[in-house]
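Heads up, the thing below is written out as structure tokens.
The values are calculated or read from the model by the stated rules, or taken from the named source; none is laboratory data. Bear in mind the structure is a predicted one, so any value in this text is a computation, not a measurement. Here the Cβ is made from the backbone with ideal geometry for all residues, glycine too, and neighbour counts use every protein chain on show.
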Amino acid sequence: MIRSLNRRLALPLLLTGLGALSLPALSQQDYPNRPIKIVVPFSPGGAVDGPIRAIAQDLSKRLRQQVIIENRPGAGATIGSEMVAKAAPDGYTLLLASQTNAISATLYPKLNFAPIDDFVGISLLGREPGALVVHPSLPVKNVAELVALAKDKPGQLNYASSGNGSGQHLFMAMFASMAGIKLTHVPYKGSGQATTDLLAGTVPMSVPGANGMIKHIRGGKLRVLATTGVKRSTQLPEVPTLAEAGFPSYSAYVWMGLLAPKGTPAAIVERLQREFKTSLAAPEVVKFMDEAGIETVGSTPAEMDAYFREERDRWARIVKETGAKVD
């Protein structure tokens, strides 16, 4: 009788346990069943903001769920990144990371989250080179002339960036270090105001993403001296790379990669990777990326994880070599 009673008690407990175990699997099968939010830790209109909006529009149609872009700029992308790091690891809050995130992992030593280890990679979506541009009032026509002028006026030439720890900050800092020149960093709270002052000549130079500068270059409002990729930009094929201009080891990209909070189920991460890769191949997205001069990638989660850590290590060396700091 006791054995029979134990069996009767054990069966409901077993079924309850199996039911509990099946809940995460069931929720993953239903994913997504509500809107997905992608936090962009940069100002609207920046180099990575436009591309992710184009991708999100296609993704929303296919998933039949709204994909919301939320801009949370500031402090070298750490404000928006911390928000995602502390979000529920359920696949509904994601982070659009860039080289700024990898740089900030070193530049900001005292953070309330781990810039690398609190995330899991989903995919490296794409990348584009930066463009070393100057206001026409600056009397230089090429990189050699800029270096000569900077050496003649050490510390007197200012450059704009979208903020401390941004790619624009470190791209120029790396160039200055390689060239043996001293430039003065002027950080802004986002790329919008930095571009406005660059176009006005208030700050005479910068290294933003190439795509955002094309219309200003072609309109004669800015002069481009070089691009930062390993090969020439498809949008600016007549412009040399910094490697061609005398700095053979120089290369830097504005990249965008998708991350999720640590602990996000592997099945959801893999589903997201597949969905985003499919969106990258959508005709509207392909057209947008081609016109923007962005090289699409669509890497695996493991490749994104490895790339993020490689970028962290690479920029950590640059931060150390240049002595770059958050002012």
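Looking only at region 299-327, filter to residues that are in a helix (DSSP H, G or I) and of a type in the set (Val, Ile, Thr); which one of those is modelled with the lowest pLDDT?
Looking only at region 299-327, we keep the residues that are in a helix (DSSP H, G or I), and these are 301-322.
Next cut, of a type in the set (Val, Ile, Thr) only: 318-319, 322.
On the way: Ile318: 87, Val319: 89, Thr322: 81.
My answer is Thr322.
Can you find a residue in region 204-213 that is modelled with pLDDT of 95 or more, out of contact with any helix residue (DSSP H, G or I) (no Cβ under 6 Å at 6 or more places or on another chain) and on the phi < 0 side of the Ramachandran plot? It would help to see each step written out before you state the result.
Here is the first cut: in region 204-213, the residues modelled with pLDDT of 95 or more are 204-207.
Next cut, out of contact with any helix residue (DSSP H, G or I) (no Cβ under 6 Å at 6 or more places or on another chain) only: 204-205.
Next, only the ones that are on the phi < 0 side of the Ramachandran plot stay: 204-205.
Yes; the residues of region 204-213 include at least one that is modelled with pLDDT of 95 or more, out of contact with any helix residue (DSSP H, G or I) (no Cβ under 6 Å at 6 or more places or on another chain) and on the phi < 0 side of the Ramachandran plot.
For region 57-162, give me every one of the helices (runs of 4 or more DSSP H) that falls completely inside it and has 3 or more residues that are more than 14 Å from Phe308 (Cβ to Cβ).
Details: elements: 78-85, 99-107, 143-152.
In region 57-162, the matching helices (runs of 4 or more DSSP H) lie at 78-85, 143-152.
Residue by residue through region 110-145, note down the ones that are farther than 22 Å from Gly293 by Cα, touching a helix residue (DSSP H, G or I) at 6+ places or on another chain (Cβ under 8 Å) and among the polar types (S, T, N, Q).
Listed by number, the list holds a single entry, Asn112.
Can you pull out the residues in region 90-112 that are more than 19 Å from Gln168 (Cβ to Cβ) and surrounded by fewer than 18 Cβ atoms within 10 Å (Cβ to Cβ)? Step through it out loud before you land on a result.
So the first thing to find is which residues in region 90-112 are more than 19 Å from Gln168 (Cβ to Cβ), and the list is 90-95, 109-112.
Passing the criteria: Pro109, Lys110, Leu111, Asn112.
Taking the condition over 26 Å from Ala77 (Cβ atoms) and hydroxyl-bearing (Ser, Thr, Tyr), does Ser137 pass? Before the answer, list the steps.
Numbers: over 26 Å from Ala77 (Cβ atoms): yes; hydroxyl-bearing (Ser, Thr, Tyr): yes.
Taking the combined requirement at face value, the residue satisfies it.
Is it true that Val269 is closer than 13 Å to Pro51 by Cα, in a helix (DSSP H, G or I) and in contact (Cβ under 8 Å) with a residue 12 or more places away in the chain?
Details: closer than 13 Å to Pro51 by Cα: no; in a helix (DSSP H, G or I): yes; in contact (Cβ under 8 Å) with a residue 12 or more places away in the chain: yes.
So Val269 does not fit the description; no.
Limited to region 136-152, what total is found for residues that are over 18 Å from Ser177 (Cα atoms) and either aromatic (Phe, Trp, Tyr) or crowded, with 20+ Cβ neighbours inside 10 Å (or both)?
0
Which residue out of Ser81, Ser161 is crowded, with 16+ Cβ neighbours inside 10 Å and modelled with pLDDT under 95?
On the way: Ser81 fails: modelled with pLDDT under 95.
When all the criteria are applied, what remains is Ser161.
Regarding region 152-159, can at least one residue be identified that is touching a helix residue (DSSP H, G or I) at 6+ places or on another chain (Cβ under 6 Å) and under 30 Å from Arg274 (Cβ atoms)? Working first, answer last.
First, pick out the residues of region 152-159 that are touching a helix residue (DSSP H, G or I) at 6+ places or on another chain (Cβ under 6 Å): 157, 159.
Subsequent filtering for residues that are under 30 Å from Arg274 (Cβ atoms) retains none.
Looking through region 152-159, none of the residues is touching a helix residue (DSSP H, G or I) at 6+ places or on another chain (Cβ under 6 Å) and under 30 Å from Arg274 (Cβ atoms).
Taking the options Ala281, Ala266, Ala260, Ala292, name whichever one is at negative phi and touching a Phe, Trp or Tyr at 6+ places or on another chain (Cβ under 8 Å). Full working, then the answer.
Numbers: Ala281 fails: touching a Phe, Trp or Tyr at 6+ places or on another chain (Cβ under 8 Å); Ala266 fails: touching a Phe, Trp or Tyr at 6+ places or on another chain (Cβ under 8 Å); Ala292 fails: touching a Phe, Trp or Tyr at 6+ places or on another chain (Cβ under 8 Å).
Exactly one residue qualifies, and that residue is Ala260.
Give all pairs with beta carbons closer than 7 Å in which a residue from region 247-266 that is farther than 21 Å from Glu295 by Cβ and assigned by TED's automatic domain parsing to the domain that holds Leu95 meets a residue that is among the aliphatic types (A, V, I, L, M) and not in a strand (DSSP E or B); count only pairs at least 6 apart in sequence or on separate chains.
Pairs that qualify, where the first residue is farther than 21 Å from Glu295 by Cβ and assigned by TED's automatic domain parsing to the domain that holds Leu95 and the partner is among the aliphatic types (A, V, I, L, M) and not in a strand (DSSP E or B), are Ala260/Val269; Pro261/Val84; Pro261/Ala85; Pro261/Ala87.
Pick out the one residue from Ala173, Ala194 that is part of a helix (DSSP H, G or I) and in contact (Cβ under 8 Å) with a residue 40 or more places away in the chain.
Working: Ala194 fails: in contact (Cβ under 8 Å) with a residue 40 or more places away in the chain.
Result: Ala173 is the single residue among Ala173, Ala194 that is part of a helix (DSSP H, G or I) and in contact (Cβ under 8 Å) with a residue 40 or more places away in the chain.
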